[in-house]
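First up is the structure itself, then whatever we jot down about it.
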Amino acid sequence: MTAMLGVELAGRRVVLVGGGDVSARRARRLVDEGALLHVVAREIAPVLSELVESGLATWSQRDVVAGDLDEAWLVHAATGDPAVDGAVASWAETRRIWCVVASAVQTGSARLPAQERAEGVVIGVASDGAADPRRCASVARELSLTVRSGAVDLRRRRASVSGSVVLVGGGPGAADLLTVRGARALAAADVVVTDRLGAVDALAELPAGVEIVDVGKRPGHHPVPQEEINALLIRLAGEGRRVVRLKGGDPFVYGRGGEEVAACRAAGVAIEVVPGISSAIAVPAAAGIPITHRGVADGVRIATGHEALDSRVLGALLDERTTLVVLMGVGTLPVLVSRALALGVDPRLPVAIVERGCTPEQRTTRAVLAEILASAAHAGVRNPAVIVMGRVAAPDLLDAAPVAPQGSAPHAMARPAG
């Protein structure tokens, strides 16, 4: 039975006996780990030659002798000659030096496992019995993919001297629209400071013991002011914890993520930003609405419900090739519509309101600008919703009804007159 043991080789002498391709494959990994590499062989592969020329390895251009093993911590024999490799293993055994024999691992006293690095851990896989390096390499790769997917608990079990913050864009709502990098960050979190929107379903999958702090805002109700959220992130990171700040959509698209980054940097807290899929783009797309479309619209203006009341923003709709996407705008929709009409925006301009986008409850209400208030009232439209105003919102733009997510509620449709 093979026992796995991690060995620190940085700054320690490692001897490669043999200069062929097998030694060359091992050499780069050993150099990357900081080993003091010495090669003994009459001829060496180009990779080894490059390491020697760059000063990362030394080379004795001759046959191996027992003295080459002096002061070595590890010896790797890959000459292709069983007699020579066996002699090297015997010399190493006498000196109590770990020895890997590439062609016959049972002859040596150590094995180099297939190795992958992922998220701060080293994954090593070795055969239990007869050597099968390709199988081990395949298993190591698959394990590393699992780790990188965020499907395992990646939290540190020992306290860190310095905490950090990861600002994660959770996407428009569906848990499977959270990015892989975002999922990895959550898997490594000690505490999650979360909003009410985005991939909140992913929180249910977190390991027990992960602290969840809800600071979510609702229309007209902001229980935790932004300044307090900033201070909370700084305090938690100051306790040596890995903090994930989970936001809906993308943190830099009306998410006030920039303010949180600035606050952390000012306090000397390390912070990383993981972009998310913005609801301004993803929600219309999920409803079959491209916010740009060749020959129809080549410009986009994104605004919040209150910003959209500004005549400079609404004025974008006077250009028929511009799409206006309004986030958090259901409450201000009556004022928005009246001001748009007062500015001279075409009353027959198509409008679509997509509620609860990218979730099984997604629903789309459509009408022309002059009729959208009545249609929204009839459908009982509520937040969270994304409003799309422009020619791209026409229901026949793609010559097919928008495709709803599986299990979604029927669309409430009000086609433009004429």
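Projected onto the charge dipole of the chain (+1 at Lys/Arg Cβ, -1 at Asp/Glu Cβ, origin at the Cα centre), which of Val22, Ala202, Ala72 gives the Cα projection farthest towards the positive end?
Sorting the options by dipole projection puts first Ala202.
Quote the charge dipole size of segment 164-277 about the Cα centre in Debye, to the nearest 20; the model charges only the Cβ of Lys and Arg (+1) and of Asp and Glu (-1).
Magnitude of the dipole: close to 140 debye.
What base-10 log of the normalised intensity I(q)/I(0) is obtained for the chain from the Debye formula, alpha carbons as equal point scatterers, at q = 0.07, 0.11, 0.12 Å⁻¹?
-0.54, -0.87, -0.94
Run through the DSSP bridge list for segment 80-222 and note the antiparallel percent, rounded to the nearest 5.
60 percent
Expressed in whole Å with the largest first, what are the equivalent ellipsoid semi-axes of segment 66-208 derived from the C-alpha gyration tensor as the square root of 5 times each eigenvalue?
Over the Cα atoms of segment 66-208, the ellipsoid semi-axes are 46, 17, 10 Å.
If the convex hull of the alpha-carbon atoms of segment 164-277 is projected onto planes in all directions, what is the mean projected area in square nanometres?
6.3 nm²
Helix by helix, which DSSP H runs in the chain go 27 Å or more along their axis at the Cα atoms and have an average Kyte-Doolittle hydropathy of 1.6 or more?
Span-like helices here: none at all.
Take each of the peptides 111-124, 172-185, 328-341, 244-257, average the number of other beta-carbon atoms within 10 Å over its residues, and list them starting from the highest.
Answer by packing, highest mean first, reads 244-257, 172-185, 328-341, 111-124.
Just rank Ile372, Ile291, fewest to most, by other beta-carbon atoms within 10 angstrom.
Ascending number of Cβ neighbours within 10 Å: Ile291, Ile372.
If you take every DSSP beta bridge whose two residues both sit in the chain, what share of them, in percent to the nearest 5, is antiparallel?
Taking every DSSP beta bridge within the chain, about 35 percent pair in antiparallel fashion.
Multiplying the sequence separation of Ala83 and Asp298 by 0.36 nm and subtracting their Cα-Cα distance, what value in nm do you get?
Here the answer is 70.1 nm.
Rounded to whole Å, give me the distance from the Cα center of segment 163-187 to that of segment 43-60.
When both Cα centres are located, 43 Å separates them.
Which length gain, in nm to one decimal place, applies between Ser90 and Arg348 when the Cα-Cα distance is subtracted from 0.36 nm times their residue separation?
84.0 nm is the gain from fully extending Ser90 to Arg348.
Would you work out which of Ala303, Val88, Ala126 lies farthest towards the positive end of the dipole of the chain? Charges go on Cβ: Lys and Arg +1, Asp and Glu -1.
Of the options given, the answer is Ala303.
At Glu361 and Ser49, where each label point lies 7 Å from the Cα along Cα→Cβ, what is the point-to-point distance in nanometres?
Between Glu361 and Ser49, the label points sit 6.8 nm apart.
With runs of 4+ DSSP H residues as the only contributors, calculate the mean residue ellipticity of the chain at 222 nm using -39,500 (n - 2.57) per run, divided by the residue total and rounded to the nearest 500.
One gets -8000 deg cm²/dmol as the mean residue ellipticity at 222 nm.
Pop a pseudo-label 7 angstrom from the Cα along the beta-carbon direction at both Ala130 and Ala208 and give the gap in nm to one decimal.
Between Ala130 and Ala208, the simple spin-label model gives 4.4 nm.
Quick check: pseudo-label points 7 Å beyond the Cα along Cα→Cβ at Arg181 and Ala270, how many nm apart are they?
Calculated label separation equals 1.6 nm.
Determine the sum of side-chain charges near Glu259: Lys and Arg each +1, Asp and Glu each -1, restricted to other residues whose C-beta is under 13 angstrom from that of Glu259.
+1
Just to be sure I understand: with springs between alpha-carbon atoms less than 10 Å apart, which residue in Val75, Val325, Val345 has the highest mean-square fluctuation in the Gaussian network model of the chain?
In the Gaussian network model the winner is Val75.
Throughout, read-outs are computed from the coordinates displayed, never taken from laboratory work. In this text, all values refer to a predicted model and were calculated from it rather than measured experimentally. FYI the Cβ positions are ideal-geometry reconstructions off the backbone, even for glycines, and counts take in every protein chain you see.
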